[in-house]
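Here the structure comes first, spelled out in structure tokens, and everything after it is commentary.
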Amino acid sequence: MSDTREPKQFVVSDRNLALELVRVTEAAALASSHWTGRGKKNDADGAAVEAMRIAFDTVAIDGTVVIGEGEMDEAPMLYIGEKVGAGGPAMDIAVDPLEGTNLCAKDMPNAITVVALAEKGNFLHAPDVYMDKIVVGPNLPDGVVDLEASIENNLRNLARAKNKPIEDIVLCTLDRERHEELITKTREAGARVRLLSDGDVAAAIAACMDNSQVDIYAGSGGAPEGVLAAAAVRCVEGQMQGRLLFEDDTQRERAQKMNPGKDPDRKLGLHDMAAGSVLFSATGVTSGTLLRGIRRLPTHAVTHSLVMRSKSGTVRFIEGHHNFSTKTWTPQ
Ligand code: VTB
Ligand code: MG
Ligand code: MG
């Protein structure tokens, strides 16, 4: 019997790009791992930034950094507006070359390197302010939690939707004085609180993973980190809302200027932060809930990464073995 099917079309698409991106976060993680536990967070960050910047040179995109290391005059590399990539489709890039610089410097869990990509114009341009965030995982009723609802209501709704007692609900938040009320109310409602010293991108993603024992991430953290978290949450079909928090009108005006025509105080849905087709990659620097950290061995180093695409919803954990003898760079 003859095969009447059309020959398959193989299109070079963002499927390939997703796997290219992992090299970028791997490179940043390998570079910063030299500084793990050395108490020098700026050196760790600098190493990650430089390695990530160089790794982008091999990625086939015409990329523009929209979430980066800061303004052009304050960041030498991966600054907002910087062009990266070897040429190709126009993409916007969000990076945090070392998310949790303190965690790396102190060799504490959950330091990761992070990159997200979207077609041009699809990321919120977040200034360096705080964002109030709330995140839950997939397969829950739409609107099961809401930034504008009381934390007690959110916890009660979430427990009901997950069909478990509120006593087994774990809320994760940054250990900061500004979260005192959130923490007290959560405990009073009967739920548990997992406190983080830093690293709320990993925590937001953990809230979306079944095996993490975190049911909800809430509280305020960096707005750029909020956009990166949103990209990841899109890929795993979790729910997230955010709101930029301003200390003064100068900050508010800046947000307005960065996102013309948009109300800077509005409640942000997932698609307001990361729309369209999104790619995400993160590599562990120190071991944490989400990823294992870099293992440095005499002949090679082992990386553990998470790569995801919103279009397919495929989540890949990739273990890389990097052989020192064939690398152009030398391990330190
Ligand atoms: C937040 C959080 C990050 O730093 O930006 C935090 O989103 C800074 O908040 O994950 P504080 O000003 O309260 O320290 C991280 O924890 C690490 O970059
Ligand atoms: Mg950073
Ligand atoms: Mg950060």
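Nothing in this text is a laboratory measurement; each read-out follows from the coordinates by a stated rule. As the structure is a computational prediction, the values presented were derived from the model and not from experiment. Every residue, glycine as well, gets a Cβ built from its backbone with ideal geometry; the counts of neighbours run over all protein chains shown.
Side notes on the structure shown:
- When you count the other C-beta atoms within 10 angstrom of each residue and take the mean per peptide, 96-102, 188-194, 280-286 line up highest first as 280-286, 96-102, 188-194.
- Helix 151-162 and the longest principal axis of the C-alpha atoms of the chain enclose an angle of approximately 70°.
- Sequence ranges 78-87, 18-27, ranked by mean other-Cβ count within 10 angstrom, highest first: 18-27, 78-87
- Centre separation in Å (Cα based) which lies between the stretch 128-184 and the stretch 62-98: 32 Å
- The helix-only estimate of mean residue ellipticity at 222 nm for the chain, built from DSSP H runs of length n ≥ 4 each weighted as -39500 (n - 2.57), is -8500 deg cm²/dmol after division by the residue total.
- Magnitude of the charge dipole, the chain, Cβ model with Lys/Arg +1 and Asp/Glu -1, debye to 20: 1040 debye
- Exceeding the 30 Å Cα-Cα cut-off - candidates LYS133/LYS164; LYS40/LYS162; LYS41/LYS164; LYS133/LYS262; LYS106/LYS267: LYS40/LYS162; LYS41/LYS164; LYS106/LYS267
- Surrounding net charge for GLY320, when Lys and Arg each add one and Asp and Glu each subtract one, Cβ distance under 14 Å: +3
- Cβ crowding within 10 Å averaged over residues, with 296-309, 123-136 ranked highest first: 123-136, 296-309
- A Förster distance of 45 Å, applied to the separation of the beta-carbon atoms of SER325 and ASN211, puts the FRET efficiency at 0.80.
- Cβ-based net charge around LYS83, under 12 Å, with every Lys or Arg adding one and every Asp or Glu removing one: -3
- When the stretch 237-332 is described by a simple charge dipole with +1 on each Lys and Arg Cβ and -1 on each Asp and Glu Cβ, the residue from ALA282, GLY261, SER325 located farthest towards its positive end is SER325.
- For the chain, the fraction of C-alpha pairs more than 26 angstrom apart is 47%.
- Prolate/oblate/rounded call for the stretch 22-71, Cα gyration tensor, a/c under 1.5 rounded: oblate
- Taken along its principal axes, the alpha carbon cloud of the stretch 130-273 reaches lengths of 45, 32, 25 Å, longest axis first.
- Nearest 10 degrees, 0 to 90: helix 14-33 Cα axis against the chain principal axis: 80 degrees
- For the chain, share of DSSP beta bridges that run antiparallel, in % to the nearest 5: 80 percent
- Charge context of GLY137, other residues only, Cβ under 12 angstrom, K/R +1, D/E -1: -2
- Using the Cβ-Cβ distance between TYR79 and ASN153 with R0 set to 41 Å, the FRET efficiency works out to roughly 0.50.
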